[in-house]
1. Would it be correct to say that ASN96 is among the polar types (S, T, N, Q), in contact with a Leu (Cβ under 6 Å, 6 or more places away or on another chain) and not in a strand (DSSP E or B)?
2. If you scan the range 168-188, which residues turn out to be without any contact (Cβ under 8 Å) to a residue 60 or more places away in the chain and of a type in the set (A, V, I, L, M, F, W, C)?
3. Out of all the residues in the range 229-243, which are β-branched (Val, Ile, Thr) and modelled with pLDDT of 85 or more?
4. Filter the range 19-43 down to the residues that are in a strand (DSSP E or B) and open to solvent by less than 10 Å² (accessible area, probe 1.4 Å), then identify the one that is farthest from HIS116 (Cα to Cα).
5. Could you tell me which numbered condition ARG97 fails, if it satisfies all but one of (1) crowded, with 20+ Cβ neighbours inside 10 Å; (2) in contact (Cβ under 8 Å) with a residue 60 or more places away in the chain; (3) not acidic (Asp, Glu)?
6. List the strands (runs of 3 or more DSSP E) that sit entirely inside the range 104-157 and contain at least 2 residues that are within 10 Å of the chain's Cα centre (by Cα).
7. Could you check the range 106-156 and list, in sequence order, the residues that are at pLDDT below 95 and hydrophobic (A, V, I, L, M, F, W, C)?
8. If a residue has to be part of a helix (DSSP H, G or I), modelled with pLDDT under 80 and open to solvent by less than 10 Å² (accessible area, probe 1.4 Å) to count, how many in the range 44-81 make the cut?
Amino acid sequence: MYFPNRESPLVKLSIYKQPNYFLVELLDLPENRINFQLVSAYNLALDEIEKINSSIKSTNKSNNGCLVTCSSGKFFSNGLDVKTALGNASFTEYFNRFLVRMLTLNLPTIAAIDGHAFAGGCILAFGHDYIVMNNKKGFICMNEVDINVPLSQARFMLMRTKIACPRILKQVTLEGKRFTAQQAFDAGFVDVVVDDSSKVIPEAFELGYRMSKKAIGNGTNFGILKMELNKNSILEMTKTHTTPGTYLSKL
């Protein structure tokens, strides 16, 4: 299935093994810049995923499947679309709602990174429960400090949720460090490292298969646990203020 349509696809949804194992491929190559159109297409894929999952009888759902996101290009994603999304408050709110949807989905979600995940692309990866990354090519980083772009409070909170070590968080935010898969694994925010492109998606599905057994029945409890795990990020993303530093006005 292609979204928004087969003629101008931005996202491809494939279903594997059972009716509830999903692969979402980003097709806006070469960079998969994040904008209204790409996020809207992914939302349509999520609508279809939830529709399929809800149609499966609970007696047939000893596990709840998984969702893997990938790209076949040089970039998993090179960040926000500079012309239409970067600095756009309405898009920031729209993207935040999408991230909340991902952070609360009743399925285990895995970002399968075979290439660069920069800035908003890194945030998109952080919107998943797990990250599998190729160590032979590609970097993951938040390079806003190098392009002189501020980060919203919600993005900061998501990074704090995913990166526990203050030293690593400073490297990510203040230094814009580019992490290889192994470096990111050692830092604690990539979960599985592979050594070539052919293994990225299989390893992501292997992880998803193991975790799918935790999403018992319709995955309600699994989703609740995710909500609590990501609580601070979710609360920040649902606030209306998005401008960095606005809290200073209240001091």
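The values are calculated or read from the model by the stated rules, or taken from the named source; none is laboratory data. For clarity, every value in this text was computed on a predicted model and none was experimentally measured. Here Cβ is always computed from backbone atoms with ideal geometry, including for glycine, and neighbour counts include all displayed protein chains. All accessible areas refer to the heavy atoms of the entire protein, side chains included, with ligands and DNA or RNA removed. Shrake-Rupley method; radii C 1.70, N 1.55, O 1.52, S 1.80 Å.
1. In short, no.
2. ILE168, LEU169, VAL172, LEU174, PHE179, ALA184, PHE185, ALA187 - these are the residues of the range 168-188 that are without any contact (Cβ under 8 Å) to a residue 60 or more places away in the chain and of a type in the set (A, V, I, L, M, F, W, C).
3. Residues satisfying the conditions are ILE234, THR238.
4. TYR21
5. Every condition holds for ARG97 apart from (1).
6. Filter on the range 104-157 gives 109-113, 130-134.
7. Hits for the range 106-156 are LEU107, VAL145, ILE147, VAL149, LEU151, ALA154, PHE156.
8. 0
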